[in-house]
Amino acid sequence: MAMVLFGKLVRDKRFGLEEWIIASAGCQAFSCLPATSTAQFIMQNRGLDLSRHRSQMVTQELFNDYSLILCMEKDQKAFFQNRYPTFSIRVYLLSEMDGQEEDI
């Protein structure tokens, strides 16, 4: 969900979507699973499509490849900052990109 929500934020704020490479990964995800039907339903009600989404686990390689890591919940942010302290400056809440600091 975070990936499509952030993509919408980038489009809505006119940040130049073509300049972003957006991916999704989870702290306890199994690889290659589709989004849950609940997540798809919630995003569909917001006009967003999760039908092609496939899960993947966060890895050290992903942290190496991306300069910004966005989390949906404060606990996820703390988990990544503790697990990958070298990259903690790259980790934010998705809501922080819209001037807030709350779980989604």
Straight-line reach from LYS8: which aspartates and glutamates have a Cα under 20 Å away, not including same-chain ones fewer than 8 places off?
GLU18, GLU19, ASP49, GLU73, GLU96, ASP98, GLU101, GLU102, ASP103
Quote the relative contact order of region 1-51 in percent (integer), defining contacts as alpha-carbon pairs under 8 Å separated by 6+ residues.
41 percent
Calculate for the chain the 222 nm mean residue ellipticity that helices alone would give, adding -39,500 (n - 2.57) per DSSP H run of length 4 or more and normalising by residue count, nearest 500 deg cm²/dmol.
-10000 deg cm²/dmol
Among trypsin sites (Lys or Arg not before Pro) in region 1-81, those in a DSSP loop whose Cβ has at most 14 other Cβ atoms within 10 Å are LYS13, ARG14, ARG46, ARG52
With no solvent and one equal point scatterer per Cα, compute the Debye intensity ratio I(q)/I(0) for the chain at 0.09 Å⁻¹ and report its log10, rounded to two decimals.
-0.22
Ranking request for peptides 28-41, 79-92: highest mean number of other beta-carbon atoms within 10 Å first, then the rest in descending order.
79-92, 28-41
What percent do you get for the relative contact order of the chain when only Cα pairs under 8 Å and 6+ apart count?
23 percent
Using modelled amide H (1.01 Å from N, peptide plane; none on Pro or chain starts), what sits under 5 Å from the amide H of CYS71, excluding residues fewer than 5 places away?
TYR92, LEU93, LEU94
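Bear in mind that the values in this text are calculations on the coordinates, not laboratory data. For clarity, every value in this text was computed on a predicted model and none was experimentally measured. Because the Cβ atoms are built from the backbone with ideal geometry, glycine has one as well, and the counts that use them run over all protein chains shown.
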